[in-house]
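The structure appears below as C-alpha cells.
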C-alpha cells in the first residue's frame, strides 16, 4: 500500500480491485464486487462515474458491481452567528 496526498484515481483503484478479484478466484466466476464510498458528495459522484465507466465485459467477468454510499455534507457556517 502506498499513501499519497490528494484524491485517488478511483477508476484505477476500481480496475485494480476488479483484476485482483478475478485473479484470486481462479477458474471460478466471482459473484460480484461491492464498492463502499464514504465522504463528500463529490467523492461519491466520482465513484459512481468510475463504476459506470467499467466496460460490460469486465462487469460480467466480476459478476456485477454494487455501490454503497455514505455521503457527508457540511453546511456552510453562517457568519452572522
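The values are calculated or read from the model by the stated rules, or taken from the named source; none is laboratory data. Here the structure is a predicted model, which is why all the values come from computation and not from measurement. Counting neighbours? That spans all protein chains shown, and the Cβs are built from the backbone with ideal geometry, glycine included.
Structure values in brief
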quantity: Residue match in segment 55-77 (condition: surrounded by 15 or more Cβ atoms within 10 Å (Cβ to Cβ), in contact with a helix residue (DSSP H, G or I) (Cβ under 8 Å, 6 or more places away or on another chain), assigned to a loop (DSSP other than H, G, I, E, B) and at pLDDT 95 or above); calculated: no
quantity: Where a residue in segment 1-24 is under 19 Å from residue 52 (Cα atoms) and its partner, wherever it lies, is modelled with pLDDT of 90 or more and assigned to a loop (DSSP other than H, G, I, E, B), with Cβ under 8 Å and at least six apart; calculated: 11/53; 14/54; 15/54; 18/54
quantity: Among residues of segment 31-54, those that are surrounded by 11 or more Cβ atoms within 10 Å (Cβ to Cβ), more than 13 Å from residue 68 (Cβ to Cβ) and free of Cβ contacts under 8 Å to residues at least 40 places away in the same chain, counted; calculated: 6
quantity: Residue under evaluation residue 72, criteria (1) within 15 Å of the chain's Cα centre (by Cα); (2) in contact (Cβ under 8 Å) with a residue 12 or more places away in the chain; (3) farther than 17 Å from residue 8 by Cα, criterion not met; calculated: (1)
quantity: Scope segment 15-43; condition touching a strand residue (DSSP E or B) at 6+ places or on another chain (Cβ under 9 Å) and either in a strand (DSSP E or B) or within 30 Å of residue 75 (Cβ to Cβ) (or both); matching residues; calculated: 33, 34, 35, 36, 37, 38, 39, 40, 41, 43
quantity: Filtered residue count, segment 2-14, keeping only those that are loosely packed, with under 10 Cβ neighbours inside 10 Å and in contact with a strand residue (DSSP E or B) (Cβ under 8 Å, 6 or more places away or on another chain); calculated: 0
